Ligand code: XMP
């Protein structure tokens, strides 16, 4: 295991992920807990992350000097490098100009870090401070035009450091540099995988929970489903899952969730709350209002169920790493008030939280889901908004409109899967617009709904590009929907990206 010591940089989790991609387990530890964690976890190496501070500022995060004397291999990145320099007798100074972006860097391939690489490299720089004088026992192994020490090493002590960000893709050989550190400096075996993660996570859950009770709100999305599977494998009947079926899911989805979990040994409760939700949504057309009502009602239903169960010891949540960052991002303007289960803890009486997926990125959660044998239908489910189809039926929501949308959406998804595009398009769905138009079917005039198809590719859902679905696939979808679904006589394909549009229509 590698411990990534966190000094507040923005790429810390990315570093961890890069290490895991090389089949070596890694975990982030806040710098204040570093010494304890090292003693307890016995890692084979450490990585010091970047950070926004300046090492000479008294308030800046610092490293316990004992850590540098433990004989462990260390890789310092950016601020992490400057900390090593400062603590081992070198000097760090402020430069008069910031070095930022892709930078030509000359490296020494004789260093284990750059083994196998060309002398000239492109790296990603983002710093003002730099190491001016090396600490004793170190030598310079990379430099740029404006940064004399872009990397340094002390072979004897196994301490290496880079000023640039090897973890970001803009550093052309960042993966190799990290791999060199892991394999050639730390002698990592590189045989870790998601099965090991699952076993370790289960062990940790068992240790924490003992024979106490854990409550999980299951939405049927990827994260909560993987979380449920992991928990049930670990603690079986001590897991209580409440699945609130608000009647706003896609076709068959509620049954699929029930099917996947009802006989697994957990205490599975499906709450059929469709009528409650529809009643409260009656006559409501404003998107934000819809979200608000659904969020509130969700909590009420959960509260009612929770009351029947009584106090539990733990509340589990399928929080994943991007959620952790997102909830920390305070000032961003509210474009849409995203509803998910974040509001739950206040209504449940519990002592502690369990969040086994907190360190993982979405694709890692999927790998984990596959490793623990979760139904591929659930593993590969595309993201689905908490308010469900309520924000994909424009205007007032009725059962009839929901049924039309469900059938149309199902056909769209079916054809995308048949075309083999379901893993490449990140989100795709149908939207039932409030627009009716004139059509002709056989000898008759029709006056029916316009359906919009939406499909996007994106890596983070913050920006997105509309998916270039081949005309033939779109044609098949269109023909099938107008033939198989009543009350739709016109289909349009949404060709706007985000921004300026958002992914959902409401
Ligand atoms: P937008 O429409 O803002 O969507 O571009 C970005 C991503 O967020 C999802 N989304 C939601 N998820 N509650 C959720 O849990 C919501 O209220 C909500 N609104 C949008 C959307 O499906 C897309 O993946």
#### Entry: Flag if residue 424 is assigned by TED's automatic domain parsing to the domain that holds residue 472, in contact with a strand residue (DSSP E or B) (Cβ under 8 Å, 6 or more places away or on another chain), under 28 Å from residue 227 (Cβ atoms) and without any contact (Cβ under 8 Å) to a residue 60 or more places away in the chain
yes
### Message
Of the conditions (1) within 21 Å of residue 139 (Cβ to Cβ); (2) over 34 Å from the mean Cα position of the chain (by Cα), residue 94 satisfies every one except a single condition; which number is it?
### Response
(1)
### Task
Check whether at least one residue in the stretch 185-198 is modelled with pLDDT of 95 or more, assigned by TED's automatic domain parsing to the domain that holds residue 310 and under 16 Å from residue 313 (Cα atoms), and report yes or no.
no
### Task
Give just the number: which of (1) surrounded by fewer than 20 Cβ atoms within 10 Å (Cβ to Cβ); (2) more than 30 Å from residue 261 (Cβ to Cβ) does residue 204 not satisfy?
(2)
### Task
Counting only residues that are touching a helix residue (DSSP H, G or I) at 6+ places or on another chain (Cβ under 8 Å) and farther than 13 Å from residue 159 by Cβ, give me the helices (runs of 4 or more DSSP H) lying completely in the stretch 1-87 with at least 1 of them.
12-21, 34-41, 65-68
### Query
Which of the residues spanning the stretch 133-152 are surrounded by fewer than 23 Cβ atoms within 10 Å (Cβ to Cβ), over 15 Å from residue 122 (Cα atoms) and within 38 Å of the chain's Cα centre (by Cα)?
140, 148
### Message
Can you tell me which of (1) touching a strand residue (DSSP E or B) at 6+ places or on another chain (Cβ under 6 Å); (2) surrounded by fewer than 21 Cβ atoms within 10 Å (Cβ to Cβ); (3) in contact (Cβ under 8 Å) with a residue 12 or more places away in the chain; (4) not assigned by TED's automatic domain parsing to the domain that holds residue 81 is the one residue 262 doesn't meet?
### Response
(3)
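Residues are listed down the side, and each one gets a yes or a no for (1) in contact with a helix residue (DSSP H, G or I) (Cβ under 6 Å, 6 or more places away or on another chain); (2) more than 12 Å from the ligand (Cβ to nearest atom); (3) in contact (Cβ under 8 Å) with a residue 12 or more places away in the chain:
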position: 445; (1), (2), (3): no, yes, no
position: 450; (1), (2), (3): no, yes, yes
position: 460; (1), (2), (3): no, no, yes
position: 463; (1), (2), (3): no, no, yes
position: 472; (1), (2), (3): no, yes, no
position: 487; (1), (2), (3): yes, yes, yes
position: 499; (1), (2), (3): no, no, yes
position: 504; (1), (2), (3): yes, no, yes
### Task
Mind checking which helices (runs of 4 or more DSSP H) fall wholly inside the stretch 271-384 and carry at least 3 residues that are modelled with pLDDT under 80?
321-328
### Query
If residue 431 satisfies every condition in (1) crowded, with 19+ Cβ neighbours inside 10 Å; (2) more than 16 Å from the ligand (Cβ to nearest atom); (3) more than 23 Å from residue 260 (Cα to Cα) but one, which is the exception?
(2)
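Look at the stretch 483-506 and say how many of its residues are in contact with a strand residue (DSSP E or B) (Cβ under 6 Å, 6 or more places away or on another chain) and farther than 21 Å from residue 427 by Cα.
Restricting attention to the stretch 483-506, the residues satisfying the condition of being in contact with a strand residue (DSSP E or B) (Cβ under 6 Å, 6 or more places away or on another chain) are 487-495, 497-498, 503, 505.
If we keep only those that are farther than 21 Å from residue 427 by Cα as well, we get 487-490.
Final tally of qualifying residues: 4.
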### Query
If you check every pair at least six apart or on different chains, which have Cβ atoms under 8 Å apart with a residue in the stretch 376-387 that is within 15 Å of residue 227 (Cα to Cα) and without any contact (Cβ under 8 Å) to a residue 24 or more places away in the chain first and a residue that is more than 12 Å from the ligand (Cβ to nearest atom) and part of a helix (DSSP H, G or I) second?
376/370
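State whether one or more residues within the stretch 93-104 are in the same structural domain as residue 163 (by TED's automatic domain parsing) and in contact with a helix residue (DSSP H, G or I) (Cβ under 8 Å, 6 or more places away or on another chain).
Step one: of the stretch 93-104, the residues in the same structural domain as residue 163 (by TED's automatic domain parsing) are 93-104.
With in contact with a helix residue (DSSP H, G or I) (Cβ under 8 Å, 6 or more places away or on another chain) added as a condition, the list becomes none.
No: the stretch 93-104 contains no residue that is in the same structural domain as residue 163 (by TED's automatic domain parsing) and in contact with a helix residue (DSSP H, G or I) (Cβ under 8 Å, 6 or more places away or on another chain).
The values are calculated or read from the model by the stated rules, or taken from the named source; none is laboratory data. Given the structure is predicted, the values throughout are model-derived calculations rather than measurements. Neighbour counts run over all protein chains shown; Cβ positions are idealised from the backbone, glycine included.
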